[in-house]
Structures are given as C-alpha cells and as structure tokens.
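Encoded as structure tokens, the structure appears first; notes follow it.
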Amino acid sequence: MQVLFGGTFDPVHDGHVAMVEQLRVTFPSATIQVIPNSRPPHRNSEVSATHRLEMVHLAMGHLKGIKINRIEFERSGPSYTIDTLNVLREQFGKDESFVLVLGADAISKMDIWYKPMTVPLLCNVCILNRAGENIGIPSVLAEMNEIVDGALLDNTPSGSLIRLQTPDVFVSSTLVRSLIARGAKQLPVPPNVADYIVKYDLYQDPE
C-alpha cells in the first residue's frame with residue numbers, strides 16, 4: 001500500500017508531522033509517500049521549491065516508513081495530482097493500493113482540479129477531518145465506497161473513501177509565516193526546521 005501525502009509544505013510544521021504519524025498508525029502496512037509540490041497550480045510560494053523540499057527532509061526524513069518522494073520535482077510544469085497518480089500507477093502497477101490523503105482545503109477546491117473525475121479510478125481517498133469538523137464530499141467523489149477500517153484498503157487499488165480524525169494540532173503554514181514575519185522566537189515547527197528558516201532568512205516579509 002502506498003499512502004500519498006502531498007502538499008506545498010510552505011513551510012512544513014508540527015501539524016504535518018503529527019498527520020504523518022497518524023497515517024502510520026492507521027495504515028501500518030503502508031509506505032507513506034510524502035510528496036512536496038514543485039509548482040503548485042493554484043498558489044504561489046515566496047520560498048523556492050528547493051528550500052521547501054529540504055525542510056520536509058529535515059522534518060520527516062528520519063521517520064520509519066516514510067519516503068520523501070521527489071516525483072513532482074522531476075518533471076516540468078505545474079504539479080497536477082492526476083499526473084502524479086498516473087506516473088505512480090506506471091511504477092507500481094494496477095493492483096497496488098493507493099490512498100490519496102486530502103485535507104479540507106484540497107477537498108474544497110477539487111472542482112477546479114485538472115481532470116478531477118479521474119481520481120477515484122486511480123486511487124482511494126483518505127479525508128482528514130480536524131476536531132469538530134465534518135468535511136462534505138465533493139461531487140467528483142460521490143460515487144466512492146465509504147469505509148471505516150483502513151485495513152480494508154490493503155488489497156483495494158482504488159474507489160474507496162475513508163475519513164480520518166487528525167490530531168488536535170492547531171497550526172497552519174499561514175500561521176507559521178505570520179509568526180515569522182512578526183519576529184516570533186517560538187515556532188510550531190520541528191527545531192531543525194526552525195534553525196533552517198533562520199539560517200536562510202526565510203519568510204521574513206509580511207504577507
């Protein structure tokens with residue numbers, strides 16, 4: 001099983017790390033493929049993709065069962081999810097179980113994705129529900145089979161949907177960038193990531 005946890009990670013923070021740890025518990029037989037976007041199609045970053053990738057390595061590269069996947073850095077153009085899924089299908093074959101992890105922000109924007117209707121044909125979907133949150137299912141995922149046991153996906157290549165309650169870590173990359181711009185000394189990021197941000201003077205300009 002391959003669990004696909006993509007994002008801009010701008011920057012990676014304690015909430016991302018907690019989510020990855022939760023995914024390891026929910027899908028113990030899986031490899032968690034952490035996939036930083038190189039060129040996100042729907043937003044811009046003031047920090048280079050190289051810096052964002054290095055911070056992800058610092059935050060998660062040492063964790064067991066985690067692979068930092070550079071797949072979106074190895075092709076030109078915007079980082080469309082459907083392209084990544086197609087390349088991974090070619091690598092792993094049609095019978096491998098894929099679980100695409102999506103949070104509230106990603107779910108809310110699925111209607112403007114590139115070829116969103118193809119997603120259920122290529123993978124399963126894991127929706128991350130934060131505390132007190134119940135994310136609505138977009139129409140492109142409406143026909144997926146909703147289950148409650150992650151183990152059922154071990155031999156299911158695609159077509160199923162599961163919800164996962166995420167740890168109560170109330171932090172976002174937007175908050176981290178705001179704290180840095182205000183000169184905060186304590187940041188909700190791994191210590192080596194905080195050191196990297198200071199070393200390279202990242203995110204110093206307020207948005």
So which of 158, 178, 139 ends up being of a type in the set (Ser, Thr, Tyr), under 19 Å from the mean Cα position of the chain (by Cα) and more than 17 Å from residue 17 (Cβ to Cβ)? 158
May I ask you to list the residues in the range 80-122 that are of a type in the set (Ser, Thr, Tyr), surrounded by 15 or more Cβ atoms within 10 Å (Cβ to Cβ) and under 27 Å from residue 170 (Cβ atoms)? 81
Sole miss for residue 125 among (1) in contact (Cβ under 8 Å) with a residue 60 or more places away in the chain; (2) within 21 Å of the chain's Cα centre (by Cα); (3) surrounded by 14 or more Cβ atoms within 10 Å (Cβ to Cβ) is condition (1)
Of 56, 87, the only residue that is over 30 Å from residue 201 (Cα atoms), within 18 Å of the chain's Cα centre (by Cα) and modelled with pLDDT of 90 or more is 87
Could you please give the count of residues in the range 44-79 that are under 23 Å from residue 30 (Cβ atoms), crowded, with 18+ Cβ neighbours inside 10 Å and of a type in the set (Gly, Ala, Ser)? 2
Can you pull out every residue in the range 120-165 that is among the hydroxyl-bearing types (Ser, Thr, Tyr) and within 12 Å of residue 107 (Cβ to Cβ)? 139
Filtering the range 21-36 down to residues that are surrounded by 22 or more Cβ atoms within 10 Å (Cβ to Cβ) and either of a type in the set (D, E, K, R) or at pLDDT below 95 (or both) yields 23, 27, 36
Output the residues belonging to the range 167-189 that are in contact with a helix residue (DSSP H, G or I) (Cβ under 7 Å, 6 or more places away or on another chain) and crowded, with 19+ Cβ neighbours inside 10 Å. 180, 187, 189
Six or more apart or on different chains, Cβ atoms under 7 Å: show the pairs whose first residue is in the range 13-26 and under 18 Å from residue 173 (Cα atoms) and among the aliphatic types (A, V, I, L, M) and whose second is surrounded by fewer than 18 Cβ atoms within 10 Å (Cβ to Cβ) and at pLDDT 90 or above. 20/63
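The values are calculated or read from the model by the stated rules, or taken from the named source; none is laboratory data. Note that the coordinates shown come from a computational prediction; the quantities given were computed from them, not determined experimentally. Neighbour counts run over all protein chains shown; Cβ positions are idealised from the backbone, glycine included.
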